[in-house]
Amino acid sequence: MDTDRATDAPQDSDRPRLNDYESFAAAYSAENENNLVNGYYARPAMVRLAGDVAGRRVLDAGCGSGPLTAALRERGAHVTGVDVSPAMLELARRRLGEDADLHLADLAGRLPFADGAFDVVVSSLVLHYLEDWGPTLAELRRVLGPGGRLVASVDHPFVAYTLQDPRPDYFASTSYTFDWSFDGRLHPMRFWRKPLHAMTEAFTAAGFRITALSEPQPEPAARELFPEEFATLSTSTCFLFFVVQVPEEDGD
C-alpha cells in the first residue's frame, strides 16, 4: 500500500516527514494511553514477558512518552529510558518526574551506556522502524550483562504482509507506508517487514538465545470496554513478541 501517492502532491518542502513523532507526540501519547491495542494488549504483554523486574536495571529502548517505563518502575525496576524524539522525552519527563533517567539517543547508533549496564532491555514496537536490525541488536546485547534478557515486540510479519498491495515477496524484507491520523492531520509512517526466519536469525546472529515467542491475547478487562474491537483482536494476530537472552556464560 503506497500512501505517499496523491493527485496533487505537495512540494518536497511541504510534504510531511516520514515517522515525524515531533509533529504529533502529544496526540499520539494521549491516544495510546488507555486504548485497546496499547493499554490493554501490547503494554500488558510487555510487562508480563519482562517478568519479575524488582530491583533490576532495565533499559526501555524507545520509551516514547514513558507509559511502559512507568509500569515497570511501579514494579520495582530501576528504569532508564531512551528515545530519538525530544518531544516524546519531554512528555516522559512530565510523567515520570524531573529525576527520571532519560536520554536522547538513536537506537541505530551507539548507546551512552557501559557494557553490561542492564539486566533487562524492553523495546516495544520499535524494531520494525529499522531496515537493518543487526547494529541495534548488537548494541542492545552489549549493554546487557550475562544472562540479561531482551523483550521486544514488532508488527506481526503476517499482518504486515497482508497490508501491502500488491503483496510482496514474503521472503524479502520490504518497507510499507501508511498514514496515521491525529488532530485532523495525516502523518505518513514507514515500517519494515521481515519474514519470521529473518527476525529469528537477526537475534541469534547478535548472540541472543530465543527463549519465548509470543502471540498474546488482550487483557480480559478490555472485553467490556471495547466489545467490538476486542472480538477482532482476540481472534486475529496483531503483534509478535520475542524474549531473548544473553547466555549466562557470556564474557564479551
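Restricting to the range 53-75, and then to whatever is in contact with a Lys or Arg (Cβ under 8 Å, 6 or more places away or on another chain) and either modelled with pLDDT under 95 or of a type outside the set (S, T, Y) (or both), can you tell me which residue is surrounded by the most Cβ atoms within 10 Å (Cβ to Cβ)?
In this case the residue turns out to be L68.
Taking the range 218-233 as the search range and keeping residues that are open to solvent by less than 30 Å² (accessible area, probe 1.4 Å) and under 30 Å from H197 (Cβ atoms), which one is modelled with the lowest pLDDT?
The first filter runs over the range 218-233 and keeps only residues open to solvent by less than 30 Å² (accessible area, probe 1.4 Å), leaving 218, 222, 230, 233.
Still in the list and also under 30 Å from H197 (Cβ atoms): 218, 233.
Numbers: P218: 97, L233: 94.
Restricting to residues being open to solvent by less than 30 Å² (accessible area, probe 1.4 Å) and under 30 Å from H197 (Cβ atoms), the top hit is L233.
Would you check which residues across the range 161-212 are under 18 Å from F242 (Cβ atoms) and of a type in the set (G, A, S) and list them?
Once the filter is applied, which keeps residues that are under 18 Å from F242 (Cβ atoms) and of a type in the set (G, A, S), the range 161-212 yields S173, A198, A202, A205, A206, G207, A212.
Which of the numbered conditions does A172 fail, given that it passes all the others? Conditions: (1) free of Cβ contacts under 8 Å to residues at least 24 places away in the same chain; (2) touching a Leu at 6+ places or on another chain (Cβ under 9 Å); (3) of a type in the set (A, V, I, L, M, F, W, C).
(2)
Looking only at the range 173-204, which residues are part of a loop (DSSP other than H, G, I, E, B) and either at pLDDT below 90 or more than 15 Å from H128 (Cβ to Cβ) (or both)? Steps first, answer last, please.
Residues of the range 173-204 part of a loop (DSSP other than H, G, I, E, B): 173, 183-184, 194-195.
Scanning the range 173-204 gives D183, G184.
Could you look through the range 182-211, keep only residues that are of a type in the set (A, V, I, L, M) and closer than 25 Å to A30 by Cα, and pick out the one that is most open to solvent (accessible area, probe 1.4 Å)?
Taking the range 182-211 first, the residues of a type in the set (A, V, I, L, M) are 186, 189, 196, 198-199, 202, 205-206, 210.
When the remaining residues are screened for being closer than 25 Å to A30 by Cα, the result is 186, 189.
Values: L186: 100, M189: 0 Å².
Step by step, filter the range 182-211, then rank; the result is L186.
Being buried (at least 19 other Cβ atoms within 10 Å of the Cβ) and either touching a strand residue (DSSP E or B) at 6+ places or on another chain (Cβ under 9 Å) or farther than 24 Å from Y28 by Cα (or both) is the filter here; which residues of the range 85-103 pass it?
S85, L89, A92, L96, A100, L102, listed by residue number.
Quick check on the range 118-152: of everything there that is small (G, A, S) and out of contact with any Ser or Thr (no Cβ under 8 Å at 6 or more places or on another chain), which residue is farthest from T200 (Cα to Cα)?
Taking the candidates together, the pick is G145.
One residue is enough: does the range 139-162 have a residue meeting the conditions open to solvent by less than 20 Å² (accessible area, probe 1.4 Å), of a type in the set (S, T, N, Q) and in contact with a Cys (Cβ under 9 Å, 6 or more places away or on another chain)?
no
Quick test of your reading of the structure: T80 fulfils all but one of (1) open to solvent by 20 Å² or more (accessible area, probe 1.4 Å); (2) in contact with a helix residue (DSSP H, G or I) (Cβ under 9 Å, 6 or more places away or on another chain). Name the failing condition by number.
Every condition holds for T80 apart from (1).
Every residue in the range 209-235 that is hydroxyl-bearing (S, T, Y), over 27 Å from V120 (Cα atoms) and touching a residue at least 12 places away in the same chain (Cβ under 8 Å), please. Let's see the steps before the verdict.
If we filter the range 209-235 for residues that are hydroxyl-bearing (S, T, Y), which is where we start, we get 211, 214, 232, 234-235.
Subsequent filtering for residues that are over 27 Å from V120 (Cα atoms) retains 232, 234-235.
Within the range 209-235, just S234 meets the criteria.
The values are calculated or read from the model by the stated rules, or taken from the named source; none is laboratory data. Quick caveat, the model's predicted, so the values are computed rather than measured. Here Cβ is always computed from backbone atoms with ideal geometry, including for glycine, and neighbour counts include all displayed protein chains. Side chains are part of the model used for accessible areas, which takes the heavy atoms of the whole protein and leaves out ligands, DNA and RNA. Shrake-Rupley method; radii C 1.70, N 1.55, O 1.52, S 1.80 Å.
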